[in-house]
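Scroll down for the structure; my scribbles are underneath it.
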Amino acid sequence: MLNIVGRVTDTSGIALSDVTVSVKDTRTGTATNSSGQYSLSGVNENAILVFSYVGYTTQEIPVEGRSRIDVVMRTVEDSLNAVIINVGYGRQRKEFLTSSVSTVSGAELVKAPFPILVPR
């Protein structure tokens with residue numbers, strides 16, 4: 001059994017946090033931290049690691065006895081078709097929604113008042 005560590009980045013070398021890293025056909029898994037790093041222990045040397053993240057192509061990488069596996073995630077060209085939106089008590093695929101969608105820029109978000117929660 002191996003302890004495996006690694007780092008997950010995008011094609012620009014930017015670390016991706018919260019990428020799901022799992023051992024195929026098992027319940028073993030983890031997620032990358034804010035630096036894109038992950039670690040898994042007790043992995044079979046012949047296992048396959050599955051890396052998945054919204055908007056990126058899922059990758060299956062054989063361990064092949066390695067203890068370090070770094071991964072570069074590639075974006076999905078048509079990722080909006082895979083988006084599922086929670087609507088009320090159910091779920092709908094994006095193409096079945098008839099309401100409008102708008103975008104808010106970061107500059108607009110900065111202007112919005114946010115409550116500050118102070119612990120007692």
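The values are calculated or read from the model by the stated rules, or taken from the named source; none is laboratory data. On a predicted model such as this, the values are computed, not experimentally measured, just so you know. Here the Cβ is made from the backbone with ideal geometry for all residues, glycine too, and neighbour counts use every protein chain on show.
For this structure, a couple of remarks:
- Any hit, the stretch 6-13, residues being assigned to a strand (DSSP E or B) and of a type in the set (A, V, I, L, M): yes
- Screening the stretch 22-67 for residues that are part of a loop (DSSP other than H, G, I, E, B) and of a type in the set (Val, Ile, Thr) and picking the one that is nearest to Asn3 (Cα to Cα) gives Val63.
- Some residue of the stretch 82-101 being within 20 Å of the chain's Cα centre (by Cα) and either at pLDDT 70 or above or in a loop (DSSP other than H, G, I, E, B) (or both): yes
- Of all residues in the stretch 56-81 being among the β-branched types (Val, Ile, Thr) and surrounded by 13 or more Cβ atoms within 10 Å (Cβ to Cβ), the one that is modelled with the lowest pLDDT: Val76
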